[in-house]
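Everything below concerns the one structure shown next.
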Amino acid sequence: MGASMKLQFDLFAPDYKKHSYAFYTELREKAPVYKVKMPNGLDAWLITRYEDALSALKDSRFIKRGRTALGEERFKKLIVLEESEYLMETMLAMDPPDHTRLRSLVSKAFTPKMIQGMHENIQNIADGLLEKMEKGKPIDLMSEFAFPLPIIVISEMLGIPTEDRMKFRDWSNAIIDANNHPDRMRKAGPKIKAFVAYLQELVEKRRQNSTDDLISSLVHAEAEGDKLSEKELYAMIFLLIVAGHETTVNLIGNGVLALLENPDQMALLQQNPELIQTAVEEFLRYYSPVEFTTNRFAIEDVNWHGETIKKGDMVLVALASANRDPEQFVNPDQLDITRKHNPHIGFGYGIHYCLGAPLARLEAQIAISSLLNRFPDIKPGTSLEQLEWRPSFLMRGLKELPVIL
Ligand code: HEM
């Protein structure tokens, strides 16, 4: 089918997110492996069915390191900004054994046990933000609550001043929105340069004056020589900052939106606060904050569902689509915060499964419970149809979420 189906949707169109679920329904039915042209000139294949998503994410023919799959010459052409080389050597762009080495350097800080130990601190941060708000007042929930909470938490873990968070937000947003888009990347150039310069300064400070935080321990690892190169050090800090800025924010925002759109579910959660755990899993499934996985590349030709994914082509798994696959989920387009069997892949799958999942879950559970507990009458501050999604195809996140508390 694939070749005869016309491309009706542009992943980079500003209103892509408005129509994407309808697009996925069509693709799952008619063209489960579907080719699109990326603005960087590469062909990318969208994988939209749940079972196929699991297969793709554990298939060793789809690798993360573009340099290896494309060859040095083709890969070099994709780099539009020299500075971005400093941010690319992340574990999310690596395969074993480098991936294993990098992930093991930080995995201890993110185990469920370590994260449980942060419960009280996260609760205090949430309470501190909510205390500043007044009942009956209109606010933008994204900028006043969903955004600051995870940023304060990750900044404290890393040991970076929380006052710098607005700068990070701007830089991080620009980089995410420029993903696979050379023109946007060029435009974001000054912000990326500023980000790299900031990281250099930060690392330099920690080299001279070590403190008890994640950056200091990474700087130690780098000093030991064989564990972490300088580029990998910058990339690691960058990845953790961006992961902290772009994802949990949207889990909180999308979760509250889903509840406002479904007042029966809102009432159910308010009457049964212990449902918060299954509710957060349902938000991850229903409005997955990470809509697509990051880039993977075929290292050989792969025939699949009558199509040929060529060596060097990109593979993008539509997590948001897999999470609404009717073959896997009963009534997939319905929000059900009591859903018992919910093997969603909102945090990905396989060796790159989200490192921050325990942290993101805990933050969202605390944030949404505390918000509803303090402001039980929360309602939309604008008509919900008017809300706009951010333009990144990778993430699903609202620009603003006006509410009346
Ligand atoms: C709701 C919040 C979050 C969601 C939905 C999410 C989702 C994901 C997904 C889908 C992946 C895999 C991407 C792929 O395979 O291409 C991933 C990887 C990753 N996430 Fe998250 N994430 C969240 C929060 C966080 C947080 C708070 C952190 C840490 C501060 C974090 C750190 C990472 C890291 C380091 C990886 C790469 C893991 C690897 O390559 O082995 N994430 N995340």
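The values are calculated or read from the model by the stated rules, or taken from the named source; none is laboratory data. Here the structure is a predicted model, which is why all the values come from computation and not from measurement. When we count neighbours, we look across all protein chains shown, and the Cβ atoms used for this are built from the backbone with ideal geometry, even at glycine. Just the protein is used for accessible areas: all its heavy atoms, side chains included, with ligands, DNA and RNA removed. Shrake-Rupley method; radii C 1.70, N 1.55, O 1.52, S 1.80 Å.
Of note:
- Accessible area expressed per residue, segment 157-278, with surrounding protein chains retained (probe 1.4 Å, Å²): 43 Å²
- Computed from label points 7 Å out along Cα-Cβ, the spacing between residue 270 and residue 341 is 3.3 nm.
- Computed with a 1.4 Å probe on the full set of protein chains, the accessible area for residue 206 sits at about 30 Å².
- For segment 2-404, the residue among 240, 178, 250 whose Cα projects farthest onto the positive side of the dipole built from Cβ charges is 178.
- Take segment 300-405 with all the other protein chains still there, run a 1.4 Å probe, and you get 42 Å² of accessible area per residue.
- Sequence-separation-based contact order of the chain, relative, with Cα cut under 8 Å and 6+ spacing, percent: 28 percent
- Mean Cβ neighbour count within 10 Å, used as a protection proxy, ranking 149-162, 334-347, 110-123, 231-244 highest first: 231-244, 149-162, 334-347, 110-123
- Relative contact order of segment 64-120, defined on C-alpha pairs under 8 angstrom at six or more residues apart (%): 29 percent
- Taking a point 7 Å out from the Cα of residue 277 in the direction of its Cβ, the residues of segment 78-120 whose backbone N falls within less than 17 Å of it are 112-120.
- Contour excess over end-to-end distance, with Cα ends at residue 166 and residue 143 and 0.36 nm allotted per residue: 7.3 nm
- Entry comment: accessible area of segment 30-124 is 50 Å² per residue, from protein heavy atoms only and a probe of 1.4 Å.
- Relative contact order of segment 10-94: 17 percent, from C-alpha pairs under 8 Å at least 6 residues apart in sequence.
- Against the empirical curve 2.2 N^0.38 Å, the C-alpha radius of gyration of the chain lands at a ratio of 0.97.
- For chymotrypsin sites (Phe, Trp or Tyr not before Pro), no site in segment 47-88 is both called loop by DSSP and has at most 13 other Cβ atoms within 10 Å.
- In units of the compact-protein estimate 2.2 N^0.38 Å, segment 157-202 shows a Cα radius of gyration of 1.20.
- Spatial extent of segment 80-150: Rg and Dmax, with the Cα atoms as the point set, Å: 18.7, 54
- Structure-based [θ]222 nm, the chain - -39500 (n - 2.57) summed over DSSP H runs of at least 4, per residue, nearest 500: -14500 deg cm²/dmol
- Among 41-48, 294-301, sorting by the average number of other beta carbon atoms lying within 10 angstrom of each residue, highest first, gives 41-48, 294-301.
- Carbon plus sulfur fraction of accessible area for the chain, probe 1.4 Å, in percent: 51 percent
- Equivalent-ellipsoid semi-axes of segment 260-405, from the Cα gyration tensor, Å, largest first: 33, 17, 15
- Springs between Cα atoms under 10 Å define the GNM used for the chain, and in it the highest mean-square fluctuation of 37, 76, 193 occurs at 76.
- Inter-centroid distance (Cα atoms) of segment 195-251 relative to segment 262-302, Å: 29 Å
- Evaluated over the Cα positions of segment 167-307, the convex hull gives a direction-averaged projected area, one quarter of its surface, of 14.1 nm².
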